[in-house]
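Student: My questions all concern the structure below.
The values are calculated or read from the model by the stated rules, or taken from the named source; none is laboratory data. Quick caveat, the model's predicted, so the values are computed rather than measured. Here the Cβ positions follow ideal geometry from the backbone for every residue, glycine too, while neighbour counts run over all protein chains shown.
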Amino acid sequence: MADPTLPIATALLLPLLSFLLLGVIAPLRRLGRGAGYVSLLLSCGALAGALLGWQRTFPEPEPIRLLTSWLPAHAGPLASVGLLIDHASTMMLVLVALVSCLVQAYSLGYLHDEPRASLGRYYAYQSLFAFSMMGLVLAPNLLQLFICWELVGLCSYLLIGFWYQRPAAARAAVKAFWTTKAGDVGLLIGIVLLWRHAGTLELLDLRLLAESGRLAPAGLSVITFCLYLGAAGKSAQFPFHIWLPDAMEGPTPVSALIHAATMVTAGVYLLFRTEWLFALTPDVLLIVAFVGAFTALMAAVLACVQTDIKKVLAYSTVSQLGYMMAAIGSGAAHAGFFHLLTHGVFKALLFLGAGAVIHAVGSNEITHMGGLARRMPQTVIIFVIGTLSLAGMPFFGGFLSKEEILAAVWAGGHPVLCLVLLVAAFLTAFYMFRVVFLTFFGVPSEGRGSAVSHHAAATDGPPHSAPHAHDPPLIMAAPLWLLAIVSMAIGLYFTWQHPAPEFAAAARDTVATVPVPGWLSPLAVVVASSGILLAWLTYQRRTIDATRLAAAFGPIRHAALARFWIDDVVMLAYRGGLLAGARAIGWVDRYLVDGVVNALSAAVVMGADRGRRVQTGRVQDYLYGVALGLLALITWIGWAR
Amino acid sequence: MTLSILAFWCLAVALVGSALAVVLTRNLFHSVLWLALALTSTAGLFLTLDAEFLAAVQLLLYAGGLITIVVFAIVVTKRMVGERIAHTSRRIGGGLVVAAALFAALFRVIRTAPVSAIRPPMPGDITKLMGDAILTRYSLAFELLAVLLLTALVSAIYFARPED
Amino acid sequence: MGLSSYLTLAAIVFCIGLFGVVTRRNTVGILLSVELMLNAVNINLVAFSRFHGQTLGMIFTLFAICITVAEVALGLALVILLFRTRRTVLADEIDLLKG
């Protein structure tokens, strides 16, 4: 049995090395593509380390923990950092390393026209992100997890605002930062409360405490709820989901890596890592499940009306995160984690495929595309593979994981939620194929030339006119194919070897287990197929008029176009509550606090101006002082005697 | 006994009178001369206190050396100014009050202090005792005094050197 | 004559000196007044020394006289320097430290 520690540690530290190289050595960073090659090389090394470490964990049933005390104290270290290596963390590590590596390669092609210095900056951020995310995944305690959690949040902020000259990008970055920070406050409070409650933040120790029932149940639900708040912020659960669609202002590879495959799943991962804690608080689990299912449905509805290809994918991500949360909330954390992994692969694939389209067309709007299948044959195959995976068709990546979630939710005793998720699945198939048909098939839309030049400034790809659209260069195509193959391989492998005992049976004893009916899985396939059919009829055959379909769902469509007014409500709360409060406090500070200080200082200045006249500068006047002092001294001595 | 009392009073009157003249006269040169008289009277007082050596030093160094330096300085300054130097006083009232108050305070202390009126016999010849002490016990201070005088002379020359 | 007579005399001379120091306008005049004050101190020292029957005060007076002479030499050099730079020897016209 080989020790997985060394390759895993290598995988963690290589991106850090890359970041330090690019961050400290300015000439290297300014090389641009050279910096990209350095980062890519080290990232490949990290991927190799992660794969090797993952492979080595297989016969190992016990998690390996490697700790370094960080804040030593007399009674054991107050805080420690290190690695926690088990199946789940290494699998997640492989996902992070894989997507990060592929995205870095893809970016070399996608950001071809970027100035050198800013490309170097991009790769420095990418490396930092890879390191932080791996640190988060391997965190043996909640403290390290929180630190890395904030680091990935920072990287997300930096990369969303990568084109900071654009006001929209800068605003989106700030919005993402604010919204996730709101959840992170909850996470921090939760961690501190947990420290007070259990006296340790080590995951293994906590798990031992939780499973042996030595953790007092009183107040535990507050803690888990606070942890959930952080997870909801990061994983874009309602009502924190508002930042994720805006985060699409960043470069598309960034969206693929951070806002689809890895960082946004950190919340799910946190809940998965602490599922034994949440199992003690069924009330909070119920909230998790309901909010997750609601988020899944709501985001799916929102995705149906978007015309920006990246926003569709963003809402789809929110929706899929809702699925994962619903699974975890139903007590089947493994099902959620399984979906996290498959979703990470095919959603990265979808985003990178969308990036290829945007790169070729120069616009984000699907209405400006159409009939691209002939010009981009590779891309369409890849994109359809990703779409079928997302829709949950058999033999594709997302099939089994989605079925597992549906089964888990049913088994967890929430048939209503299961129904909601089925509706969401129908919508998922519908909106994804709407994108496929509008983008790759059908007729090219009219008046594209003017529209493209109009939109070129607002999109991230270099402006091309659609007639010249072509498949991406090899450096971009290779990651796409690799992801497509991995996605297919997952689907085929798990079809051949059903992981039911590991995932479906993970519904815990604490949750009432209901036998899963056999018709659930075929039903899901039928639902997804009907979604595809509807999209085909509407957007390809035009048998159903799209405008009439829209009119049928008039009020919902109207509300969805306005994003259900959630952004407005949050904005109102932000403007009316936070900003007004800040302004009031600012007024108090400026006029009351500063007023007192200013008055005091003015008095001092005035007094000093009067008082300085004492200082005449003439030596004899000072001598009067000496004489008076002497007099006082003598008098004092005389009195004292 | 009566002779010593008489001497004291005469010297006291001369001292106070010349001191007053020093601070009151409007002529700087007269001021210096009055100071010379005051210092000489002090030398006389030292004699009444049996300090003959000190009286001699007072006369030689103070009344002689010091007055010579000051006169030189005045002459030099006068030549530089080219006119008579103003030697007036100002704020006489304030000075008077402060001086009187201080004297009152001092006088009160002196009057209430337990001071003896008898002179104990000295353990030997005062001059010889002083000489012994200076060249044995206080020799270091004595040497330092020489250094100090040298320093003062050099720096006085430096300060007063002709402009380059 | 008792010790207190000498002390009173010294106090008178001291106060006269103080009066001169604070009223004289000419810096040379101030220096002369300082000499008066020091002189009064010397009288005190010698008188205490004699009435206590030891020579310590007298030795101190000796040192004081020497230092005073040095001080006067230096002070006058400063006055001359001052006159060169400021064209005045009047103390109330020298107020560089005025606040």
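Student: From B:ALA104, B:ALA156, grab the single residue that is within 7 Å of chain C (Cβ to nearest Cβ) and either part of a helix (DSSP H, G or I) or within 25 Å of C:ALA47 (Cβ to Cβ) (or both).
Tutor: So the residue among B:ALA104, B:ALA156 that is within 7 Å of chain C (Cβ to nearest Cβ) and either part of a helix (DSSP H, G or I) or within 25 Å of C:ALA47 (Cβ to Cβ) (or both) is B:ALA156.
Student: Grab the helices (runs of 4 or more DSSP H) fully contained in region A:267-371, keeping just those with 1 or more residues being closer than 18 Å to A:ALA236 by Cα.
Tutor: Ranges flagged: A:282-305, A:309-329, A:333-361.
Student: Any chance you could count how many residues in region A:108-128 are part of a helix (DSSP H, G or I) and either surrounded by fewer than 24 Cβ atoms within 10 Å (Cβ to Cβ) or within 19 Å of the chain's Cα centre (by Cα) (or both)?
Tutor: So the answer is 14.
Student: Follow-up. Among the listed residues B:LEU129, B:LEU59, which satisfies the condition of being in contact with a Pro (Cβ under 9 Å, 6 or more places away or on another chain), part of a helix (DSSP H, G or I) and within 26 Å of C:ALA10 (Cα to Cα)?
Tutor: Sole residue among the options that is in contact with a Pro (Cβ under 9 Å, 6 or more places away or on another chain), part of a helix (DSSP H, G or I) and within 26 Å of C:ALA10 (Cα to Cα): B:LEU129.
Student: For C:VAL46, which of the numbered conditions (1) buried (at least 24 other Cβ atoms within 10 Å of the Cβ); (2) within 14 Å of chain A (Cβ to nearest Cβ) fails to hold?
Tutor: Going through the list (1) buried (at least 24 other Cβ atoms within 10 Å of the Cβ); (2) within 14 Å of chain A (Cβ to nearest Cβ), C:VAL46 breaks only (2).
Student: Just to verify a result, which residue in region A:59-97, among those that are over 27 Å from the mean Cα position of the chain (by Cα) and of a type in the set (D, E, K, R), is modelled with the highest pLDDT?
Tutor: Looking at the filtered set, the residue picked out is A:GLU62.
Student: Against the conditions (1) free of Cβ contacts under 8 Å to residues at least 60 places away in the same chain; (2) surrounded by 16 or more Cβ atoms within 10 Å (Cβ to Cβ), where does B:PHE53 fall short? Just the number, please.
Tutor: Failed condition: (1).
Student: Looking at region A:525-641, what helices (runs of 4 or more DSSP H) fall wholly within it and have at least 1 residues that are out of contact with any strand residue (DSSP E or B) (no Cβ under 6 Å at 6 or more places or on another chain) and more than 30 Å from C:CYS15 (Cα to Cα)?
Tutor: Helices (runs of 4 or more DSSP H) meeting the threshold: A:546-552, A:554-561, A:566-572, A:580-587, A:594-611.
Student: Could you check region A:1-66 for helices (runs of 4 or more DSSP H) lying wholly inside it with 3 or more residues that are of a type in the set (Gly, Ala, Ser) and at negative phi?
Tutor: Passing ranges, in order: A:5-24, A:33-56.
Student: Of everything in region A:612-641 that's loosely packed, with under 11 Cβ neighbours inside 10 Å and facing another protein chain (nearest Cβ under 9 Å), which residue is farthest from B:ALA113 (Cα to Cα)?
Tutor: A:ARG613
Student: Within region C:23-36, identify whether any single residue is facing chain B (nearest Cβ under 7 Å), over 17 Å from B:LEU37 (Cα atoms), free of Cβ contacts under 8 Å to residues at least 60 places away in the same chain and crowded, with 24+ Cβ neighbours inside 10 Å, and answer yes or no.
Tutor: yes
Student: What single numbered condition from (1) facing chain C (nearest Cβ under 7 Å); (2) over 16 Å from C:LEU31 (Cα atoms) fails to hold for B:ALA56?
Tutor: Single failed check for B:ALA56: (1).
Per-residue answers, yes or no, for (1) over 30 Å from C:MET58 (Cβ atoms); (2) at the interface with chain C (Cβ under 10 Å from one of its Cβ atoms); (3) touching a residue at least 24 places away in the same chain (Cβ under 8 Å):
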residue	(1), (2), (3)
B:LEU11	no, yes, yes
B:HIS30	yes, no, no
B:LEU39	no, yes, yes
B:ALA73	no, yes, no
B:THR77	yes, yes, no
B:ILE92	yes, yes, no
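Student: Counting just the residues of region B:13-28 that are more than 7 Å from chain C (Cβ to nearest Cβ) and part of a helix (DSSP H, G or I), which one comes out surrounded by the most Cβ atoms within 10 Å (Cβ to Cβ)?
Tutor: B:SER18
Student: Pick from A:SER39, A:SER43, A:SER69: which is out of contact with any helix residue (DSSP H, G or I) (no Cβ under 8 Å at 6 or more places or on another chain) and either β-branched (Val, Ile, Thr) or under 26 Å from A:PRO7 (Cβ atoms) (or both)?
Tutor: A:SER69
Student: Shifting gears a bit: For residues that are over 19 Å from the mean Cα position of the chain (by Cα) and of a type in the set (Ser, Thr, Tyr), scanning just region C:64-95, find the one that is nearest to B:LEU145 (Cα to Cα).
Tutor: Looking at the filtered set, the residue picked out is C:THR85.
Student: Next question. Can you spot a residue in region C:70-93 that is polar (S, T, N, Q), within 14 Å of chain A (Cβ to nearest Cβ) and within 24 Å of B:THR25 (Cβ to Cβ)?
Tutor: Within region C:70-93, one or more residues are polar (S, T, N, Q), within 14 Å of chain A (Cβ to nearest Cβ) and within 24 Å of B:THR25 (Cβ to Cβ).
Student: Scan region A:219-227 and give yes if some residue there is within 20 Å of A:THR281 (Cα to Cα) and at pLDDT below 85, otherwise no.
Tutor: yes
Student: Would you say C:ILE59 is over 16 Å from the mean Cα position of the chain (by Cα), at pLDDT below 90 and within 7 Å of chain B (Cβ to nearest Cβ)?
Tutor: no
Student: Further, regarding this structure: Looking at A:LEU159, A:LEU138, which one is touching a Leu at 6+ places or on another chain (Cβ under 6 Å), touching a residue at least 40 places away in the same chain (Cβ under 8 Å), crowded, with 24+ Cβ neighbours inside 10 Å and under 27 Å from A:LEU83 (Cα atoms)?
Tutor: Exactly one residue qualifies, and that residue is A:LEU138.
Student: Among the numbered conditions (1) touching a residue at least 12 places away in the same chain (Cβ under 8 Å); (2) surrounded by fewer than 18 Cβ atoms within 10 Å (Cβ to Cβ); (3) at the interface with another protein chain (Cβ under 7 Å from one of its Cβ atoms), tell me where B:LEU61 comes up short.
Tutor: Going through the list (1) touching a residue at least 12 places away in the same chain (Cβ under 8 Å); (2) surrounded by fewer than 18 Cβ atoms within 10 Å (Cβ to Cβ); (3) at the interface with another protein chain (Cβ under 7 Å from one of its Cβ atoms), B:LEU61 breaks only (1).
Student: Could you list, in sequence order, all residues of region A:153-182 that are over 25 Å from A:GLU114 (Cα atoms) and touching a Ser or Thr at 6+ places or on another chain (Cβ under 9 Å)?
Tutor: Correct list: A:THR180 only.
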